[in-house]
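Visitor: Below is a structure I'd like to ask you about.
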Amino acid sequence: KFDDPACELKLALYGHPSSGGFWEEYAEQQLHAEGFIDIEGWRSCFWHPELLVVLILYMDDFKLAGPTANLPAAWKKIRKRINAGDPTPLDHFLGCKHEVVEYTPPCYDSCVPAVVYNMEDFFV
């Protein structure tokens, strides 16, 4: 039973003009500590040379790509230092709907999986 469920607010960053910068600085430190390195010229994009994965971080959205077998280990490293939920299937990221399709490139004889970045909802 709570007699007085209120408490003094010591720190609130959500909505503060500098909150994004503080989060970015914190997240980068945590990712660097787990072996992720910055991709030069691509802010908030990281490479893990041992796991061969690329991570894009935009606020609280994480997009991780690499060999399927290495993804669980990469998520484990990320979640060791950052309180993140379970990964979800590819859907929306940065306003784009990601649609997995089969595609036959001109130089191939068979279909390969590809991702279409569909922004129709954004324009509506």
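The values are calculated or read from the model by the stated rules, or taken from the named source; none is laboratory data. None of these values were measured; they are calculated from a predicted model. Glycine gets a Cβ as well: all are built from the backbone with ideal geometry, and neighbour counts include every protein chain shown. SASA here: full protein model, heavy atoms, side chains in, ligands and nucleic acids out. Shrake-Rupley method; radii C 1.70, N 1.55, O 1.52, S 1.80 Å.
Visitor: Take the residues in the range 81-101 that are touching a residue at least 12 places away in the same chain (Cβ under 8 Å) and either charged (D, E, K, R) or more than 28 Å from residue 36 (Cβ to Cβ) (or both), then tell me which one is surrounded by the fewest Cβ atoms within 10 Å (Cβ to Cβ).
Guide: Here is the first cut: in the range 81-101, the ones touching a residue at least 12 places away in the same chain (Cβ under 8 Å) are 81-82, 84, 87, 90, 93-101.
From what is left, the residues that are either charged (D, E, K, R) or more than 28 Å from residue 36 (Cβ to Cβ) (or both) are 81, 97, 99, 101.
Working: 81: 15, 97: 15, 99: 12, 101: 10.
In this case the residue turns out to be 101.
Visitor: So residue 56 passes all but one of these: (1) within 22 Å of residue 92 (Cβ to Cβ); (2) surrounded by 13 or more Cβ atoms within 10 Å (Cβ to Cβ); (3) out of contact with any Lys or Arg (no Cβ under 7 Å at 6 or more places or on another chain); (4) not acidic (Asp, Glu). Which condition number does it fail?
Guide: Single failed check for residue 56: (3).
Visitor: Tally up the residues in the range 37-64 that are in a strand (DSSP E or B) and either in contact (Cβ under 8 Å) with a residue 60 or more places away in the chain or not basic (Lys, Arg) (or both), please.
Guide: Of the residues in that region, 18 qualify.
Visitor: Go through the range 65-101 residue by residue and tally those that are touching a Phe, Trp or Tyr at 6+ places or on another chain (Cβ under 9 Å) and part of a helix (DSSP H, G or I).
Guide: So the answer is 4.
Visitor: For the range 19-31, indicate whether the set of residues that are open to solvent by 40 Å² or more (accessible area, probe 1.4 Å), assigned to a loop (DSSP other than H, G, I, E, B) and out of contact with any Cys (no Cβ under 8 Å at 6 or more places or on another chain) is non-empty.
Guide: So far as the range 19-31 goes, no, none of its residues is open to solvent by 40 Å² or more (accessible area, probe 1.4 Å), assigned to a loop (DSSP other than H, G, I, E, B) and out of contact with any Cys (no Cβ under 8 Å at 6 or more places or on another chain).
Visitor: Residues of the range 102-124 being open to solvent by less than 100 Å² (accessible area, probe 1.4 Å) and either assigned to a loop (DSSP other than H, G, I, E, B) or touching a Ser or Thr at 6+ places or on another chain (Cβ under 6 Å) (or both), which ones?
Guide: Correct list: 104, 105, 110, 111, 119.
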